[in-house]
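Student: Next up is a structure, given as structure tokens.
The values are calculated or read from the model by the stated rules, or taken from the named source; none is laboratory data. Remember, it's a predicted structure, so these values are computed and weren't measured experimentally. Methodologically, a virtual Cβ is constructed for each residue, glycine included, from the backbone with ideal geometry; neighbour enumeration extends over all protein chains shown.
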Amino acid sequence: MKNSINEIKLWDEFRGGSHEAFSTLYQHFINPLYSYSVGITHDKDLIKDCLHDLFVELWKNHTNLGPTTSVKFYLMASIKRKLIRHIDGNLKSFNNHVDYTRDYVEDLPSQESVLIMNEAQLEMNVKVSNSLHLLSKRQREAIQLKFYKNLDTEQISEQMNINAQSVYNLIFGALRVMKEGLINKSFSV
């Protein structure tokens, strides 16, 4: 399982010209984008070419890119458009353009559904943030080290100067408190 990343922060650093952020985004998203693309076409060479082109274009245009609330959604929509454009050009020569467009382009989400997804994500972020305030200082520290800094149990125990079992206990207890807080309280945005 891949480590979780702060994709929004990395996106902004990448837009600012960070090679390291670009590399991290590439490494984090290349396999999920490849898997997603296989659902659009089984032409593996085309998928590899389009993914390569996508990341080259992203780097070339990084200063002109805007902020996004979901890097994953942005990249998935971008690769889908790129694959569709390429396949569409090939299909025109076979007079199948109308059938292909009907089959694939309709799958793109509407602006309204994108806004609804963004609002739902914002609401969930606020709820999780509020539930973090229900934790003790040590629980909050363990959660931040585990899920925000992606440290493993051994690294957390060294940083917090406690044994591994205590780390497990802190994290398990914190997750239980957060879950109960999310279920029992209606946090408002």
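Student: If a residue counts only when it is outside the structural domain of M76 (by TED's automatic domain parsing) and at pLDDT 80 or above, which helices (runs of 4 or more DSSP H) contained entirely in the range 89-189 have at least 1 such residues?
Tutor: Of the helices (runs of 4 or more DSSP H) lying wholly inside the range 89-189, those with at least 1 residues that are outside the structural domain of M76 (by TED's automatic domain parsing) and at pLDDT 80 or above span 111-132, 137-143, 153-160, 164-184.
Student: Could you tell me which residue of the range 7-50 is modelled with the highest pLDDT, considering only residues that are surrounded by 14 or more Cβ atoms within 10 Å (Cβ to Cβ) and outside any helix (DSSP H, G or I)?
Tutor: By that ranking, first place goes to S18.
Student: Determine which member of the set E119, E141, E123 is in contact (Cβ under 8 Å) with a residue 40 or more places away in the chain and surrounded by 12 or more Cβ atoms within 10 Å (Cβ to Cβ).
Tutor: Just a single option satisfies the conditions, and that option is E123.
Student: Give the residues of the range 55-86 that are part of a helix (DSSP H, G or I), of a type in the set (S, T, N, Q) and either assigned by TED's automatic domain parsing to the domain that holds M124 or more than 20 Å from V114 (Cβ to Cβ) (or both), sorted by residue number.
Tutor: The answer is T63, N64.
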